[in-house]
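Notes to accompany the following structure.
Nothing in this text is a laboratory measurement; each read-out follows from the coordinates by a stated rule. Everything numeric in this text was worked out from a predicted model, so none of it was measured. As a convention, Cβ positions derive from the backbone with ideal geometry for all residues, glycine included, and neighbour counts pool all protein chains shown.
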Amino acid sequence: MNSLGLKTASRGRIVVNEYAEINNKPKKPLKLRLHGNMVSIGEKYCVADVMGFKLTGFLASAIKHLADMHYLFGISGIGFVVDYIGNQFFRKTRKKSALIKHASVRTSTAWLAFLRVYLGYKWLMSGIEKVNTGWLASGNKLVAGLPPLL
C-alpha cells in the first residue's frame, strides 16, 4: 500500500487511465479495495471505520497513528517513522498532563526529581548530625564568617 491507500495494481490502473484520457481512448474501470476510513480532529478526537469495525477515541487514534507510520515506512523508511513518533508524541507544545510534560522533555529531567530528593535528604541528615554534635551550642556558629555581636 502507498500513502494514498491504493495497491500497486490500482496505481497502475490510474496510470493507464491517465494515458487513455490524454490520448482519447476508452478507460478501464478502477476497483478500489480500501481498508476503511479514519478522521481526526486535532489530537484528541478521532473516529475510524476499519474493516467493518467502528472505533472512536483512543483506539481510533492509535490505529490512525499506526496507519500513518505504516505508510511513512513504506515511503521513506524507518527514519521518517522515528521523526513522526518524536513529533507526534514528544515534541508537541500543546496542552499535556504534567506527567507527560515531565517525561517528554527532550533533555530528560526526570532524574532531577530523584536528585533533589536525595540531596534534600543528605542535607537534612547533615543538619541533624550538626545539631546532635553541639554545632548550635555556641551562638557564633549560626552566621558563618561574622564575629559575635557581643
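Here are the numbers for this structure:
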read-out	value
Cα gyration tensor category, rounded, prolate or oblate, for the range 37-94 with a/c compared to 1.5	oblate
Among 20-31, 47-58, the order from most to least packed when residues are scored by Cβ within 10 Å on average	47-58, 20-31
Whole-Hz ³J(HN,Hα) from phi, Karplus 6.51 cos²θ - 1.76 cosθ + 1.60, for the range 30-44, glycine and proline x	10, 10, 7, 10, 7, 8, x, 10, 9, 9, 10, 10, x, 9, 9
Which of MET69, LEU55, VAL82, positive extreme of dipole for the range 18-87 (C-beta unit charges)	LEU55
Cα-centred dipole magnitude for the range 37-94, charges only on beta-carbon of K, R (+1) and D, E (-1), debye, nearest 20	220
Reachable aspartates and glutamates from LYS122, criterion Cα separation under 19 angstrom, eight or more residues apart if same chain	none
